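Just dropping this structure here.
The values are calculated or read from the model by the stated rules, or taken from the named source; none is laboratory data. Quick caveat: nothing in here was measured; it's all calculated off a predicted structure. Positions of Cβ are backbone-derived with ideal geometry, glycine not excepted, and every protein chain shown enters the neighbour counts.
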Amino acid sequence: MVEEIKVGDQAPDFTLPDVDLKPRSLSEFRGKKVVLAFFVGAFTSTCTKEMCEFRDSMARLTNLKAQVIGISVNDPFSNRGFAEKNRLPYPILSDYTREVIKEYGLLFHDFAGLKGYTVAKRSIFILDKDGVVRYVWVSDDPTVEPKYDEVERALEQIK
């Protein structure tokens, strides 16, 4: 069984391809606050709203010295189309093997009633500059969005 990642834990490092197939590692963002936003699927309505909310909040997030990273199980090619269509100015990474969502304990089984189809639970992990988890929000309901003001408050509290 996978251990639940909690506030105070070191975030597990990973390397995933971005929309250009470039390998991106979590460790390359050390020195910045990071908002890891795991989303269910590209082009779904709630995920589009969530990722666009982060896009529209970039000025505030940049002022808080935060880097947003979106992660889904979609392939890099679908993620590219999603990122381009929605003009997402932050990395969108592909966990097509589902290894990272397994490691983070975020597997959502039988999504949309499709037996055996797994996606990431919608979740937010905020990491400090050293990669330590300072905030965790995970939803078992894929239609629920995070509380964005809560995310910003958590970022403000990290020095």
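Let me confirm something: among GLU99, GLU103, which residue is more than 23 Å from LYS49 (Cβ to Cβ), touching a Pro at 6+ places or on another chain (Cβ under 8 Å) and in contact (Cβ under 8 Å) with a residue 24 or more places away in the chain? Steps first, please.
On the way: GLU99 fails: touching a Pro at 6+ places or on another chain (Cβ under 8 Å).
GLU103 is the lone residue from the list that is more than 23 Å from LYS49 (Cβ to Cβ), touching a Pro at 6+ places or on another chain (Cβ under 8 Å) and in contact (Cβ under 8 Å) with a residue 24 or more places away in the chain.
Restricting to the range 11-45, name every residue that is in contact with a Pro (Cβ under 9 Å, 6 or more places away or on another chain) and assigned to a strand (DSSP E or B).
THR15, LEU16, PRO17, PRO23, ARG24, ALA37
Conditions (1) touching an Asp or Glu at 6+ places or on another chain (Cβ under 7 Å); (2) without any contact (Cβ under 8 Å) to a residue 60 or more places away in the chain, marked per residue:
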| position | (1), (2) |
| --- | --- |
| ILE69 | no, yes |
| LYS85 | no, yes |
| LEU88 | no, yes |
| LEU93 | yes, no |
| ALA112 | no, yes |
| VAL119 | no, no |
| TYR135 | no, no |
| ASP140 | no, yes |
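Only residues that are over 19 Å from SER94 (Cβ atoms), of a type outside the set (Lys, Arg) and modelled with pLDDT of 90 or more: list them for the range 106-132, please.
Once the filter is applied, which keeps residues that are over 19 Å from SER94 (Cβ atoms), of a type outside the set (Lys, Arg) and modelled with pLDDT of 90 or more, the range 106-132 yields ILE126, LEU127, ASP128, ASP130, GLY131, VAL132.
Also: Confirm whether ARG80 is closer than 18 Å to ARG55 by Cβ, in contact (Cβ under 8 Å) with a residue 40 or more places away in the chain and more than 13 Å from the chain's Cα centre (by Cα).
On the way: closer than 18 Å to ARG55 by Cβ: yes; in contact (Cβ under 8 Å) with a residue 40 or more places away in the chain: yes; more than 13 Å from the chain's Cα centre (by Cα): yes.
When the stated conditions are applied, ARG80 passes them.
Which condition from (1) more than 26 Å from ARG153 (Cβ to Cβ); (2) of a type in the set (Lys, Arg); (3) within 14 Å of the chain's Cα centre (by Cα) is the one that ARG55 breaks?
(1)
Only residues that are buried (at least 16 other Cβ atoms within 10 Å of the Cβ), farther than 20 Å from LYS49 by Cα and among the aliphatic types (A, V, I, L, M): list them for the range 112-135, please.
Matches in the range 112-135: LEU127, VAL133.
Are any residues in the range 60-107 buried (at least 18 other Cβ atoms within 10 Å of the Cβ), among the β-branched types (Val, Ile, Thr) and in a loop (DSSP other than H, G, I, E, B), and if so, which ones?
Correct list: VAL73 only.
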